[in-house]
Structure formats: C-alpha cells, structure tokens
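In what follows, a structure is listed as structure tokens, so that the remarks can point back to it.
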Amino acid sequence: MTKKVLNQNAKIDQEFINTFEPDFAFNNTPINRFNNISGNKPKDIIVKAEKLLELKKKINSIEKCNLKDNAKNLILGSGNVNSPIMFIGEAPGIEEDESGLIFQGKVGELLTKMLIAINIKIQNTYLAYSINFRPPDDRKPTAQEIRRYSIFLKEHISIIKPKILVLMGSTAMECVTGSKNKISNERGIWKELILDKITYPIMITFSPSYLIRFPENKKYSWEDLKKIKQKIQDLDIKI
C-alpha cells in the first residue's frame, strides 16, 4: 500500500480561498481613510494633497459627461499619499456614490481581507478609481469614457508616484495600459508603465466586486496576491 503524499501548501491556499468571503466582521464606525494634511505634515504630503485638489477641480470642470451628470459624488482617491503601493479599481458603485467614500460595503470588506492576507493594512495603501463617477446602473464605462478619464488617472498616478501599481478589473487595465484583451489573459503577469520617465511595475488582477459575483476565481486572485507580496519583498518595500 502506497502512502499518499499531502500537499500542505495547497491545503493552506484552499483554506485562505475559503475565507475569501465578504462576511468579515467590522466595527459599525466607518474607517477614516483620508489623510489630514493640517499640522506638522511633511512638505511632500502637503504638495501631493494640493496637486490632488487641483486634479479634482480639473475633473469636476469637465462638461457634457453622462457619468458626471448622473452621479452624486466625484470620488478621487484616499489613503496614504506616500504609500509605495497604489490599488486602482474600476468605478464607484452605489454605496460609494451615496457616501462619497471609496471601496465601501462588501467590496471594501473583501479588499481589506485580501490585503490582510499578505500582511498589508488597507490604511497604509493608496486607493483610487479609474473612473471618478458612478456609471448609471453600474454599467461598464464606454471606450470614449475610459479614454477621457485615463488622462486624469495617469496624472493621478504621477502625483502619488507609487513603487507598485495594482490594477483591479478590466476598466482599470484598459484605462492605464490601453489593452482591451480579456483580463483573464492579462492578470498575474508583471508589466511596466512609463509615465514622465518613471517606470512603474504593474500587476493586473480581478476586482473585488467581480470576485463577489464569481467567487470561483478567488484562487487566481490569491496567486496574484502572492506575486505582489513577493515583489514587495524583492524591492525591499516597507508598507
């Protein structure tokens, strides 16, 4: 009789994937993910905050935009503006549009849990969206809308200057890279973006909202998360 060899790593991975559910326990008080720039903040934080305010004004000044005309709030980004890692989602949903805050509800809970799995606290990251207004009925942004907002997003990236970019969802992928390929063919592979002579390593992965709808793909996101963790170690980044 041959003894069966157990793959302990596979067991650990499956246990993690099984916990990838949006039932994470949270305090009812919402997390304040915004940095207060008053007081004795480092100069670079103040400069970035001022640039972000200017970018927000620029986005708010656009005209004849179906997204802007039908949304309640413009949502730019939040978190640590000096974070070495920037996570870019697709677009605000109804909870974000109502509250004016980024990654709320089950989506925010799942993202928080995903980051905890690779020893990252969400408040130590910088979070943003590709599209700054909620699309009507949560429809996918059109190619024209993605092109329009990609200009603002690339300026946003240039302000934050992270060491690693994580693009969550096909809209984020198209907005930053211009690729219209299936995200399943693009995810999990390190790519590069060059903006203003700065090279940014990019990881494309599924969005938390997609994983809630299609939990069977969590195993792929877990593989992507492990690669992000390894890149953080390779670059000796402290988060």
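Since every read-out is calculated from the coordinates, none of them should be taken as a lab result. Here the structure is a predicted model, which means the values were calculated and not measured. Positions of Cβ are backbone-derived with ideal geometry, glycine not excepted, and every protein chain shown enters the neighbour counts.
Kindly list the residues of the stretch 64-88 that lie in the label zone of ASN124, defined by a backbone N under 13 Å from the point 7 Å along the Cα-to-C-beta vector. Hits in the stretch 64-88 for ASN124 at 13 Å: 80, 83-85. The local environment of ILE59, defined by Cβ-Cβ distances under 11 Å, has a net charge of +3 under the rule Lys, Arg +1 and Asp, Glu -1.
Thinking of the stretch 64-234 as a set of Cα atoms, what percent of all their pairs are more than 25 Å apart? Mind showing how you got there, number by number?
Values: 3595 of 14535 pairs.
Distances greater than 25 Å cover 25 percent of the Cα pairs.
Charged side chains reduced to their Cβ positions (Lys and Arg at +1, Asp and Glu at -1) give the stretch 60-151 a dipole of some 240 debye around its Cα centre.
Here the stretch 101-156 and the stretch 72-89 have alpha carbon centers that stand 8 Å from each other. Annotation: amide H-H contacts under 5 Å for ASN73 (H modelled 1.01 Å from N, sequence separation of 5 or more, or interchain): ARG134.
Taking amide H as placed 1.01 Å from N in the peptide plane, TYR129 has its amide H under 5 Å from the amide H of GLY89, each at least 5 places away in sequence or on another chain. Residues of the stretch 147-176 falling in the label zone of CYS65, defined by backbone nitrogen less than 13 Å from a point 7 Å along Cα to beta-carbon, are 147-156. Cα convex hull, the stretch 161-239: 97 Å³ per residue, rounded to a whole number. For the stretch 132-176, the convex hull spanned by the alpha carbon atoms encloses 71 Å³ per residue. For LYS163, a cut-off of 19 angstrom between C-alpha atoms picks up these aspartates and glutamates, skipping any fewer than 8 places away in its own chain: ASP44, GLU155, GLU192, ASP196, ASP224, ASP234, ASP236. P(r) tail for the stretch 100-160: Cα pairs beyond 18 Å make up 49% of the total.
Around the Cα centre of the stretch 64-234, unit charges on the Cβ atoms of Lys, Arg, Asp and Glu (plus for the first two, minus for the last two) sum to a dipole of about 380 debye. So for the stretch 46-94, Kirkwood radius off the Cα pairs, Stokes-Einstein at 10 °C and 1.306 mPa s: how many µm² s⁻¹? Stokes-Einstein gives a translational diffusion coefficient of 126 µm²/s. Taking amide H as placed 1.01 Å from N in the peptide plane, the amide H of GLN104 sits under 5 Å from that of GLU96, each at least 5 places away or on another chain. First select every other residue whose beta carbon is under 15 angstrom from the beta carbon of MET203; then total the charges, Lys and Arg +1, Asp and Glu -1. Around MET203, the surrounding residues sum to +2.
Pairs from the list LYS191/LYS231; LYS48/LYS154; LYS161/LYS238; LYS140/LYS182; LYS197/LYS218 with a Cα-Cα gap above 24 Å: LYS197/LYS218.
Bridge orientation summary for the stretch 64-234: considering DSSP beta bridges with both residues in this region, about 40 percent are antiparallel.
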